[in-house]
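First the structure, in the form of structure tokens, and then the observations on it.
The values are calculated or read from the model by the stated rules, or taken from the named source; none is laboratory data. Just so you know, these numbers come straight off a predicted model, no measurement behind them. Backbone-built Cβ (ideal geometry, glycine too); neighbour counts: all protein chains shown. Each accessible area value is taken on the protein alone, full model and side chains, heavy atoms only, with ligands, DNA and RNA left out. Shrake-Rupley method; radii C 1.70, N 1.55, O 1.52, S 1.80 Å.
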Amino acid sequence: MTPLRPLSPLRRGRPIAADDPVWLFDLDNTLHDASRGIFAQIDQRMGTAVAQALGVPHDQADQLRRRYWQRYGATAIGLARHHGVNLQQFLATCHDFDVRPLVHAETGLKARLRALPGTRIILTNAPGHYARRVLDALGIAQEFDGLWAIDHMMPMGLPRPKPSLALMRQIIARLDVPPQRIILVEDTLKNLKSARQAGMRTAYLYHPGSPFARQQHGRNLYVDVRVNRLSTLLLQAHAGRIPDRPGRA
């Protein structure tokens, strides 16, 4: 396995076994419930940061950031491309707050992750410093072999966060395993769609607080398994029922 970019605080340094699955876990609204408090903090800070950076009223700033999120998968990408906003500084400003009192997750998460077969990696469009704070607050940082944050999503030198197909292909190349051994666990369907286009397997964690989630009914053809709780998926994996064919839980 080619090492991910400077992610040593979360890497155990062991190679991927020949037949092990590789789990890519989204962070917000997948490993924890960001809709209960964290998203409100980020939204407030992001709205203020956009308004200040562009010198526009807050309502116009909100329209712009939602448009860029829908188009690029991250507001910061649109601001960097179209307005010259410094990507790293913007992300640091929007995610610089104490996450500890706002983090909520399912009970028993650490033990279930520890028993999960295979390699476990965080794949998030959030910045790395924020992701590490959330994982530390959850007490699960040591259960992961790597962290791939928006800071590292730079194929060909250009920022390409989820749902970029170029990013998915870069991940497959970096991991150097067949794509069908990689399982993306996500609350955002468009990210799962690009993962499937790249040949990965997909697990959809439905969360009512995720954007556009309430517009979806049933299971899309690019989703191998749909669950309402992360614990359901982890228990299935412990029992050897890793998503490899269409199904629903």
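In debye, nearest 20, what is the charge dipole magnitude of segment 77-127 about its Cα centre with +1 on Lys and Arg Cβ and -1 on Asp and Glu Cβ, if you could check?
Working: 6 positive and 3 negative charges, 59 e Å.
The dipole of segment 77-127 has a size of about 280 debye.
Highest mean first, the peptides 202-209, 101-108 sorted by other C-beta atoms within 10 Å per residue fall in the order 202-209, 101-108. Taking a ≥ b ≥ c as the square roots of the Cα gyration tensor eigenvalues, segment 150-205 comes out oblate, since a/c reaches at least 1.5 and a/b does not exceed b/c. With the cut-off at 1.5 for a/c, could you classify segment 74-213 from its C-alpha gyration tensor as rounded, prolate or oblate? Oblate, because a/c is 1.5 or more while a/b does not exceed b/c.
Farthest towards the positive end of the charge dipole of the chain, among the residues Gly55, His82, Leu116, is the Cα of Leu116, using unit charges on the Cβ of Lys, Arg, Asp and Glu.
Look at where the Cα atoms of segment 18-38 and of segment 177-212 average out, and the two centres are 11 Å apart.
Counting each pair of different Cα atoms once, what's the Kirkwood radius of the chain in Å, rounded to one decimal?
Details: mean 1/r = 0.0543 Å⁻¹.
That comes to 18.4 Å for the chain.
With the whole protein complex present, Val177 retains an accessible surface near 20 Å², based on a 1.4 Å probe. With all protein chains in place and ligands, DNA and RNA left out, the 1.4 Å accessible area ranks Thr93, Thr232 as Thr93, Thr232, largest first. Its residue count N sets the reference 2.2 N^0.38 Å, and the alpha-carbon radius of gyration of segment 91-152 equals 1.15 times that reference.
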